[in-house]
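Asker: Below is a structure I'd like to ask you about.
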Amino acid sequence: MTEQISEAEPGLRKALDHLQSVLIPGEQLEAWAVQRRVYALKHRRQLIAATSGRLICIHRNLLGGFDLTDLRWQDLEEVHL
């Protein structure tokens, strides 16, 4: 899925590399989405990913690094999309 990244988004490659680094063995990335740059002018961009076992949210810090929030699918009681 990471081969669909455009060259116009160099920071996106790094965020997806962080995402790949937190996947556990046997876990597969099913889908991901990132906020558009227009919204991110005043906010840090977020990357949301759905894997075979978890829902992962990566939020970039201002001075480098990232914060990770993950929820296991079995821990969710009710979800509305």
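Asker: How do the pairs read when you match residues in segment 2-22 that are outside any loop (DSSP other than H, G, I, E, B) and open to solvent by 80 Å² or more (accessible area, probe 1.4 Å) with residues anywhere that are among the hydroxyl-bearing types (Ser, Thr, Tyr) and at pLDDT below 80, using Cβ under 8 Å and keeping only pairs 6 or more apart or on different chains?
Answerer: Cβ pairs passing all conditions: ARG13/THR2; GLN20/THR2.
Asker: Taking segment 32-68, which residues are within 9 Å of the chain's Cα centre (by Cα) and either modelled with pLDDT under 80 or surrounded by fewer than 11 Cβ atoms within 10 Å (Cβ to Cβ) (or both)?
Answerer: Matches in segment 32-68: ALA33 only.
Asker: Out of the residues in segment 69-81 meeting the condition of being among the hydrophobic types (A, V, I, L, M, F, W, C) and surrounded by 12 or more Cβ atoms within 10 Å (Cβ to Cβ), tell me which one is modelled with the highest pLDDT.
Answerer: Kept after step one, since they are among the hydrophobic types (A, V, I, L, M, F, W, C), are these residues of segment 69-81: 71, 73, 76, 79, 81.
Still in the list and also surrounded by 12 or more Cβ atoms within 10 Å (Cβ to Cβ): 71, 73.
On the way: LEU71: 88, TRP73: 85.
Applying the filter and picking the extreme gives LEU71.
Asker: Show the residue pairs meeting these rules: Cβ distance below 8 Å; 6+ apart or different chains; first residue within segment 45-64 and acidic (Asp, Glu); second residue not in a loop (DSSP other than H, G, I, E, B).
Answerer: Note: no pairs meet the criteria.
The values are calculated or read from the model by the stated rules, or taken from the named source; none is laboratory data. Since this is a predicted model, take the numbers as computed values, not measurements. Counting neighbours? That spans all protein chains shown, and the Cβs are built from the backbone with ideal geometry, glycine included. Surface areas here come from the heavy atoms of the whole protein model, side chains and all, with no ligands, DNA or RNA. Shrake-Rupley method; radii C 1.70, N 1.55, O 1.52, S 1.80 Å.
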